[in-house]
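Structure first, commentary second.
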């Protein structure tokens, strides 16, 4: 019998036992993981900060723009019953809702600026409207009519201060061909251009009913703004 036959085979080395939770091996791994998270190297720290910051920035910006667009929809505007039952029903009877060209101006087209900075400012100001919605300030037709002239004057003042900015998104003097308008309209628009008038000076009540005191309120507003301009 030769030596190879007599030499027993060496048993295979057994793999190291997997440490169970609570054993020193697991404690060491958890400790290293905790140190990596709590005190990472400078390279990992900066990379993690940029990665998390980028993801959070995209999520925030996307959510912010989504909410801005959502609150600009007609559906959102008339979700408050005081808007749906009053000004929306009036608006549906006007040329801004149905006309020969099929171009419809929605609530946000007339009441929310297009540019980002003024749009954000308008959204912040609109929180006051939500406040009065919760209070029920104009939650009935009677309450709304009692405050209609005050609400109208507030909108007129804003449009005067901004030179009817939202109106000019669709209607700009520079784009008008007076010869293609009705003679009276052409003359008035040309006069308005020369005298520095703005759309709301002549077009009050074009989308919503005028309050009974509209002309007196408009004159008072004009005098007030002339006085402010002279100071």
- Does at least one position in region 195-215 carry a residue that is under 22 Å from the mean Cα position of the chain (by Cα) and part of a helix (DSSP H, G or I)? no
- Message: Pull out all pairs, ordered by first then second residue, where Cβ-Cβ is under 9 Å, the residues are six or more apart or on different chains, the first lies in region 44-73 and is at negative phi and surrounded by 10 or more Cβ atoms within 10 Å (Cβ to Cβ), and the second is at pLDDT below 90 and assigned to a helix (DSSP H, G or I).
- Response: 44/36
- State which residue is nearest to residue 88 (Cα to Cα) when the search covers only region 133-149 and only residues that are exposed (fewer than 13 other Cβ atoms within 10 Å of the Cβ) and either in contact (Cβ under 8 Å) with a residue 12 or more places away in the chain or under 25 Å from the mean Cα position of the chain (by Cα) (or both). 141
- Query: Out of region 125-144, which residues are assigned to a helix (DSSP H, G or I) and closer than 29 Å to residue 226 by Cβ?
  - Reply: 125, 128, 129
- Item | Condition broken by residue 93, with the remaining ones in (1) more than 20 Å from the chain's Cα centre (by Cα); (2) surrounded by 13 or more Cβ atoms within 10 Å (Cβ to Cβ) satisfied | (2)
- Query: How many residues, within region 154-182, are assigned to a helix (DSSP H, G or I) and more than 24 Å from the chain's Cα centre (by Cα)?
  - Reply: 6
- Query: When you go through (1) loosely packed, with under 11 Cβ neighbours inside 10 Å; (2) in a loop (DSSP other than H, G, I, E, B); (3) without any contact (Cβ under 8 Å) to a residue 12 or more places away in the chain one by one for residue 99, which number turns out not to apply?
  - Reply: (1)
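The values are calculated or read from the model by the stated rules, or taken from the named source; none is laboratory data. As the structure is a prediction and not an experimental result, all values here were calculated from the model. Cβ coordinates were reconstructed from backbone atoms using ideal geometry, including for glycine residues, and neighbour counts include every protein chain displayed.
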